[in-house]
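Structure record follows, encoded as structure tokens.
Just so it is clear, none of the values below were taken in a lab; they were calculated from the coordinates. This one's a predicted model, so the numbers in the text were calculated from it and none came from an experiment. Virtual Cβ from ideal backbone geometry, glycine too; neighbours counted across all protein chains shown.
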Amino acid sequence: MQRHIAFVGAGDRQVEQLLRARGLTVLTWSERDLSAKAQQASAVADVVMLDLRGEAQRTLPAGLDAFRRQHPAVPILLLVSALDPALMLEAMRAGVSECLQDPLAGDDLDAALGRIAASRDAGPVGDVFAFLGAKGGVGTTTAAVNVATELSRLRAGSVLLVDLHLAYGDAAIYLAAEPRFSVADALENTHRLDAAFLKSLCVKTKAGPELLASPDRALGLLVDAGRVRALVDSAARHYRYVVLDLCRTDPAVLDGLDPVKKILVIANQELATVRGASRMAETLNRRYGKDRVVLAISRYDPNAGIGQEDIERVVGSKIRHLLPSDYRVALEALNTGRPLALSDQTGLAGALKELARELADLPAEEPQRGGRSIFGRLTGRS
Ligand SMILES: Nc1ncnc2c1ncn2[C@@H]1O[C@H](COP(=O)(O)OP(=O)(O)OP(=O)(O)O)[C@@H](O)[C@H]1O
Ligand SMILES: [Mg+2]
């Protein structure tokens with residue numbers, strides 16, 4: 001597949017020719033385009049080249065930071081007239097991958113593109129959070145959908161929810177989405193899971209996250225852990241956050257989660273579920289390490305016969321998250337296809353939002369958009 005490079009600046013036919021000669025399709029963007037693309041969830045370009053050679057151009061474009069947050073997997077190349085140390089430091093902090101000096105030589109360009117390709121293949125960049133119910137119906141999909149929605153609402157970067165039920169997953173219903181493709185298409189085509197193909201299988205939901213849905217057809221092959229791993233790897237390379245809604249009865253799925261940052265085992269206060277959570281946590285601890293396995297209780301009732309400490313004793317680990325029981329609001333959100341994380345309610349909605357922020361290590365309060373920064377308030381500048 002032909003790769004796209006976005007050339008941001010006033011345009012330069014010679015440089016564009018050099019890029020085309022390397023099989024790249026050149027897109028010409030203004031700085032305003034760069035800011036606009038930061039609002040888009042879909043793939044925008046495979047590489048971005050910023051032309052900072054103009055006399056007045058000594059700083060990075062204002063929209064670069066937002067663009068990097070939304071598209072962390074897209075490498076940024078700088079083209080400068082001189083290697084100014086202050087600009088280089090700023091570029092390094094902004095996550096710029098390569099810096100090229102004018103006049104642009106074909107060999108230097110090849111070397112930079114080669115390093116970018118090598119680091120692209122080096123491994124995942126996004127955080128992957130997996131949700132696994134200790135029993136059916138405990139509230140796993142509710143948690144996964146709302147965490148994905150909240151991460152998307154916070155605009156911390158692109159978010160993909162993958163419904164890894166190889167049959168009968170219902171995340172699409174929770175998000176009122178009507179997907180045309182599914183994980184079946186992804187798992188059957190792991191050899192061509194690049195950014196463009198993966199994105200073409202996903203559907204953008206009204207709530208914010210993109211969704212790779214569960215299939216409504218039988219898979220054309222037997223899925224093994226290698227295929228699941230390839231899908232999760234690809235998702236993590238192309239999205240800042242990947243949320244997985246897992247099926248506990250599928251060993252291939254449970255064995256293909258190596259890139260996962262946290263696996264949340266969701267239990268409730270029923271004896272059978274607590275026992276199931278204990279067995280599940282033990283297996284996952286052995287496979288992925290205790291630090292990555294997190295216990296959460298859904299539909300939590302402080303007055304229930306089995307309390308928090310009882311569960312911690314049986315499972316052998318601390319409960320990290322409590323999601324209160326509120327069947328009425330949970331059901332209404334499900335039936336309307338509008339996740340609770342979009343509401344201002346406290347209670348269950350608040351707990352789900354907090355769970356998302358804690359997992360992603362994001363501040364409790366959303367920063368004021370368009371307001372003055374702390375620096376601005378200190379200096380009196382806006
Ligand atoms: N914290 C909660 N309090 C009360 N009801 C809840 C809560 N979380 C989810 N529910 C309700 O429980 C039901 C099952 O929820 P959900 O689909 O999230 O569970 P699940 O574990 O994913 O189920 P499955 O095993 O079928 O995939 C839904 O009706 C949902 O609205
Ligand atoms: Mg579910």
Legend entry - Set K290/K318; K135/K204; K290/K353; K199/K262 screened for pairs whose C-alpha atoms are more than 19 Å apart: K135/K204; K290/K353; K199/K262
Inset, instruction - Please determine, in degrees from 0 to 90 and to the nearest 10, the orientation of helix 271-288 with respect to the longest principal axis defined by the Cα atoms of the chain, where the helix direction is its Cα long axis. - result: 40 degrees
Inset, instruction - Sort out the exposed loop GluC sites (Glu not before Pro) in the chain (DSSP loop, at most 13 other Cβ within 10 Å) and tell me the longest stretch that has none. - result: 56-364
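How do L355, L52 rank when sorted from fewest to most other Cβ atoms within 10 Å of their own Cβ? Mind dumping the intermediate values first?
Numbers: L355 24, L52 21.
Taking fewest neighbouring Cβ atoms as first place, the list is L52, L355.
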Inset, instruction - Report the Stokes-Einstein translational diffusion coefficient (µm² s⁻¹, integer) for the chain, Rh taken as the Kirkwood radius over Cα pairs, at 25 °C with viscosity 0.890 mPa s. - result: 109 µm²/s
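At most 14 other Cβ atoms within 10 Å plus a DSSP loop assignment makes a site exposed; report the longest stretch of the chain without any exposed trypsin sites (Lys or Arg not before Pro).
Working: sites that count: R22, R58, R180, K206, R217, K318, R369, R372, R381.
That gives 59-179 as the longest site-free run.
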Inset, instruction - Quick one: which residues, 5 or more positions from Y239 or on another chain, have an amide H under 5 Å from its amide H? H modelled 1.01 Å from N in the peptide plane, none for Pro or chain starts. - result: G126
Inset, instruction - Convert each backbone phi in the range 80-86 into a coupling constant with the Karplus relation 6.51 cos²θ - 1.76 cosθ + 1.60 (shift: θ = phi - 60°), then list the ³J(HN,Hα) values in order as whole Hz, x for Gly and Pro. - result: 10, 8, 8, 7, 6, x, 5
Legend entry - For the range 93-98, 3J(HN,Hα) per residue [Karplus equation, 6.51 cos²θ - 1.76 cosθ + 1.60, θ = phi - 60°, Hz, x = Gly/Pro]: 5, 7, x, 5, 7, 9
Legend entry - Coil-residue chymotrypsin sites (Phe, Trp or Tyr not before Pro) of the range 154-238, DSSP, other Cβ within 10 Å capped at 13: Y168
Inset, instruction - Mind listing the long-range amide H neighbours of R248? Cut-off is under 5 Å, sequence gap 5 or more, other chains count too, H placed in the peptide plane at 1.01 Å from N. - result: G133
Inset, instruction - Using Cα positions and a limit of under 19 Å, work out the aspartates and glutamates in reach of K37, with same-chain residues fewer than 8 apart set aside. - result: D46, D51, D65, E210
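Could you list the square roots of 5 times each eigenvalue of the Cα gyration tensor of the range 131-211, that is, the equivalent ellipsoid semi-axes, sorted largest first and rounded to whole Å?
Working: eigenvalues 82, 58, 24 Å².
Over the Cα atoms of the range 131-211, the semi-axes work out to 20, 17, 11 Å.
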Inset, instruction - Only helical DSSP H runs with n ≥ 4 go in: add -39500 (n - 2.57) per run for the chain, normalise by residue count and round the 222 nm mean residue ellipticity to 500 deg cm²/dmol. - result: -11500 deg cm²/dmol
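Kindly state, as a whole number, the per residue volume in cubic angstrom of the convex hull around the alpha carbon atoms of the range 3-120.
Values: hull volume 11.5 nm³, N = 118.
Per-residue hull volume (Cα only) is 97 Å³.
As a footprinting exposure proxy, order C202, C247, C99 by other Cβ within 10 Å, with the fewest listed first. Don't jump to the answer; show the numbers that get you there.
Working: C202 25, C247 21, C99 18.
Least to most surrounded, the residues fall as C99, C247, C202.
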Inset, instruction - Name the long-range amide H neighbours of T25: under 5 Å, sequence gap of 5 or more, or other chain; modelled H, no Pro or chain starts. - result: R3, H4, I5
Legend entry - In the range 213-319, chymotrypsin sites (Phe, Trp or Tyr not before Pro) in a DSSP loop with at most 11 other beta-carbon atoms within 10 Å: none
Legend entry - Angle between the chain longest axis and helix 140-153 axis [Cα atoms, degrees, rounded to 10]: 30 degrees
Legend entry - Extension gain from T28 to R115, taking 0.36 nm per residue of separation minus the Cα-Cα distance: 29.0 nm
Inset, instruction - Please determine, in degrees from 0 to 90 and to the nearest 10, the orientation of helix 347-360 with respect to the longest principal axis defined by the Cα atoms of the chain, where the helix direction is its Cα long axis. - result: 50 degrees
Inset, instruction - Could you size up the charge dipole of the chain around its Cα centre, putting +1 on the beta carbon of Lys and Arg and -1 on that of Asp and Glu, and report it in debye to the nearest 20? - result: 360 debye
